[in-house]
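Visitor: Have a look at the structure that comes next, please.
Laboratory data are not the source of any read-out in this text; all were calculated from the coordinates shown. Computed from a predicted model, the values in this text were never measured in an experiment. Note that we place each Cβ from the backbone using ideal geometry, even for glycine, and neighbour counts take in every protein chain shown.
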Amino acid sequence: MAVATAQKIFGAFFTSERVATYLIRWSIKNPEARVLDPSCGDGVFLSLAKERLESLGKTDPKVFGVDLDPRNVEIAKGLSPHFDVTESDFFAIRPQSLGQFDAVVGNPPFIRYQTFSGSARIRALQSAQRAGVLLPQLTSSWAPFLIHASEFVKPGGKLAMVVPAELGHARYSREVLRYLAKSFRRIRICVFKQKLFPTLSEDTYLLLAEGRGDSCSWFSICPFETIDDAFHDRTVERPIDYSSIETGRLRISHYLLSTRALQLYQSLQESNHVLRFGEAADVGIGYVTGANDFFHLSEREITDLRVPKKFLLRAVVSLAAHRGVAVEDRDWLEWKRESKKVYLLRLGPIRESHLLKTLRDYIALGRKSGIANRFKCRVREPWYSVPHIRVADAFLTYMSGGGPRLVYNRGKFVAPNTLHLVRFLEPPKAGQVVSAWYSSLTRLSTEMEGHALGGGMLKLEPSEAENLITPIAPRDRWRKLLGSVDKTLRDGCSEEAREITDALVLRQGIGLSATECVLLAESASQLEKWRMHK
């Protein structure tokens, strides 16, 4: 089995010795401590735990491990005769069989819900349910693993785990955090500007929970630049508002800001000149083709296929290279001249036999290449009919290296799920919102409410987009602002566009000082650097 394949199946991404050492030192203070690594992998935690116990005065310490991969079990057992390693699915083991431990330490498998299936998923969700936690079917493996591992911690003991950044934003993580808060007296989540796993696309945190058996009296976020800073505890521990866990509003990024910046951000939420984006607009996904390259066509392709105009809709597939606050006819025509795919093939429920031969041949090509059997295609009838096509007032980019962009849909184009569709609830307010989007406040809010993906990408789910805050441009000046910002962005001067927006909307409209505008801008830049690991 190839290494990459094995990693996908077992979710095995081995922990660096430096990270493992930090977790071991934090969790083991007593030479008589019983220690368990419930997903021991190559044995790094086992070896370091043994060394730690020996350094505290324990002779020939026994350390326990569990792993599903027989190769890892063989490697771990070969490291020391004092390692008691069980080959098993961890969810198949109960605390009654191994007993409870003073310290449960490790790195849970990071298996996405798409490949976390079958009997393994059933056992995992049942294990969480026995602990009183109901997790949805779309849960990744780490969540029930964390809950099950906690059940092996003895009263007063510690849990020290590597956890994915999903802990701070996934919907089901709310239930995990609630469980932890009811099970441990003191909890710290350590976040790092420098990635703990440079080769892993997933961002990770360290979870430190102690005092098993007591309700939480202290829950904090500890931001560090590097893992070395964690050894020296070079940080300001930031206590979190427990209500944010109950409501599912916990955002790790809130605790990376200075107290002054966070207070300013929170105070602006109460301003009459600021609103939640969801108060002004509904955010949803575009149509789902199942195969964008097949269903989107260029001008040359429609000429070759002789596609009648009634089967075509003008489409915007990507805004990656677009500048400006609106997509207009001139933009679309430029993409058309560049031979980009600017048409959506919309055949509707027409029988294949009623189509032109060139279209029948094209559909046959899609069937032969396997497109008809893709999930989103095979569940509709006919498979080549793309449903749920809507024209939105604006588009919102939801995967961004920089900041998400809100763009007017002036040409009444359609768009697939590569973009979010924005429909304004009060059309007269649309211009006031779009023209103010490029302010420092909105930029900061996108960093606060969105979440980072591997490689530093910022993702905004529809619910996250609707929750971010944005100022409103004055009624009598938004048109002029929109024109100025559009021209400035098209000239490639995004920083100047922000300054123009801040001057009119934040300073004149809301009454912020120049210093407060700079604080918002610098805070947004700071969070972007954390996300990008710069």
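Visitor: Test of understanding: what is the full-extension gain from Val391 to Ile93, defined as 0.36 nm times their sequence separation minus their Cα-Cα distance?
Guide: So the extension gain works out to 102.0 nm.
Visitor: Another question about this same structure. In Å and from the alpha-carbon atoms only, list the Rg and Dmax of the chain.
Guide: Radius of gyration, then largest Cα-Cα span, for the chain: 26.7, 84 Å.
Visitor: Excluding same-chain residues fewer than 8 positions from Lys195, which lysines have a Cα within less than 16 Å of its Cα?
Guide: Excluding near neighbours in sequence, the set is Lys529, Lys534.
Visitor: Sort out for me the Cα centre separation of the stretch 43-115 from the stretch 216-275, rounded to whole Å.
Guide: The distance from the Cα centre of the stretch 43-115 to that of the stretch 216-275 comes to 34 Å.
Visitor: Right, something else. Angle check, please: helix 17-27 long axis (alpha carbons) against the longest principal axis of the chain (alpha carbons), in degrees 0 to 90, nearest 10.
Guide: 60
Visitor: Work out from phi, with θ = phi - 60° and the Karplus expression 6.51 cos²θ - 1.76 cosθ + 1.60, the ³J(HN,Hα) of each residue of the stretch 405-422, listed in order in whole Hz, and give x for Gly and Pro.
Guide: So the J values, rounded to whole Hz, are 10, 9, 10, 4, 9, 6, x, 6, 7, 9, 8, x, 6, 6, 9, 7, 9, 10.
Visitor: Grab the Cα-Cα distance for Glu328 and Arg490, subtract it from 0.36 nm times how many residues apart they are, and report the gain in nm with one decimal.
Guide: Extending this stretch completely gives an extra 57.1 nm.
Visitor: In degrees from 0 to 90, rounded to the nearest 10, what is the angle of the helix 440-449 Cα long axis to the longest principal axis of the chain?
Guide: Approximately 50 degrees, to the nearest 10.
Visitor: Quote the relative contact order of the stretch 382-447 in percent (integer), defining contacts as alpha-carbon pairs under 8 Å separated by 6+ residues.
Guide: 32
Visitor: Here is a follow-up. What is the spin-label model distance, in nm, from Ser318 to Glu51 if the labels are put 7 Å beyond Cα along the C-beta direction?
Guide: Spacing of the two 7 Å Cα→Cβ label points: 4.6 nm.
Visitor: Continuing with the same structure: How high is the FRET efficiency from Thr199 to Asp228, r the C-beta distance, R0 22 Å, rounded to 0.05?
Guide: Approximately 0.70, to the nearest 0.05.
Visitor: From the mean inverse distance of alpha carbon pairs (Kirkwood) and the Cα radius of gyration, derive Rg over Rh for the stretch 51-128.
Guide: Dividing the radius of gyration by the Kirkwood radius yields 1.02.
Visitor: For the stretch 287-389, calculate the relative contact order in percent as a whole number, restricting contacts to Cα pairs under 8 Å that are 6 or more residues apart.
Guide: So the answer I get is 42 percent.
Visitor: Something else: Can you work out the PRE-style zone for Asp293? Point 7 Å along Cα to Cβ, and I want the residues of the stretch 321-348 with backbone N under 14 Å.
Guide: 341, by backbone N distance to the label point.
Visitor: Shifting gears a bit: Measure of size requested: the Rg and Dmax of the stretch 465-534, with Cα atoms as the atom set and Å as the unit; please supply both.
Guide: 13.3, 41
Visitor: Oh, and also: Just the number: Rg to Rh for the stretch 198-245, Cα atoms, Kirkwood Rh, two decimals.
Guide: Result for the stretch 198-245 is an Rg/Rh of 1.02.
Visitor: List Arg71, Arg405 from most exposed to least, where exposure is judged by having the fewest other Cβ atoms within 10 Å.
Guide: Arranged by neighbour count, lowest to highest, Arg71, Arg405 become Arg71, Arg405.
Visitor: Here's another thing I want to ask about it. Taking every Cα atom in the stretch 275-366, find the radius of gyration and the maximum pairwise distance Dmax, and write them in Å.
Guide: Radius of gyration, then largest Cα-Cα span, for the stretch 275-366: 15.9, 53 Å.
Visitor: A further question follows. Compute the relative contact order of the chain as a whole-number percentage, counting only Cα pairs closer than 8 Å that sit 6 or more residues apart in sequence.
Guide: It rounds to 12 percent for the chain.
Visitor: If you put +1 on each Lys and Arg Cβ and -1 on each Asp and Glu Cβ, how big is the dipole of the chain around its Cα centre, in Debye rounded to 20?
Guide: Approximately 1700 debye in magnitude.
Visitor: Measuring from label point to label point, each 7 Å out along Cα→Cβ, what is the Leu138 to Arg276 span in nm?
Guide: Between Leu138 and Arg276, the simple spin-label model gives 1.9 nm.
Visitor: From the helices alone, meaning DSSP H stretches of at least four residues, give me the mean residue ellipticity at 222 nm for the chain, per-run term -39500 (n - 2.57), in deg cm²/dmol to the nearest 500.
Guide: -10500 deg cm²/dmol
Visitor: Which longest run of the chain has no exposed loop site in it, a site being GluC sites (Glu not before Pro) in a DSSP loop with at most 12 other beta carbons within 10 Å, and the site itself not part of the run?
Guide: Looking at the chain, 33-269 is the longest stretch - no exposed GluC sites (Glu not before Pro) with at most 12 other Cβ atoms within 10 Å.
Visitor: Next question, about the same structure. Put one equal scatterer on each alpha carbon of the stretch 175-260, apply the Debye formula with no solvent term, and list log10 I(q)/I(0) at q = 0.13, 0.23, 0.25, 0.26 1/Å to two decimals.
Guide: Values returned for q = 0.13, 0.23, 0.25, 0.26 Å⁻¹ are -0.44, -1.21, -1.30, -1.33.
Visitor: Put one equal scatterer on each alpha carbon of the stretch 117-202, apply the Debye formula with no solvent term, and list log10 I(q)/I(0) at q = 0.17, 0.24 1/Å to two decimals.
Guide: -0.75, -1.30
Visitor: Which pairs, out of Lys158/Lys182; Lys376/Lys412; Lys310/Lys336; Lys336/Lys480, put more than 21 Å between their alpha-carbon atoms?
Guide: Violating the 21 Å Cα-Cα cut-off are Lys376/Lys412; Lys336/Lys480.
Visitor: Using alpha carbons only, how many degrees (0 to 90, rounded to 10) separate the axis of helix 478-490 from the longest principal axis of the chain?
Guide: With rounding to tens, the tilt is 70 degrees.
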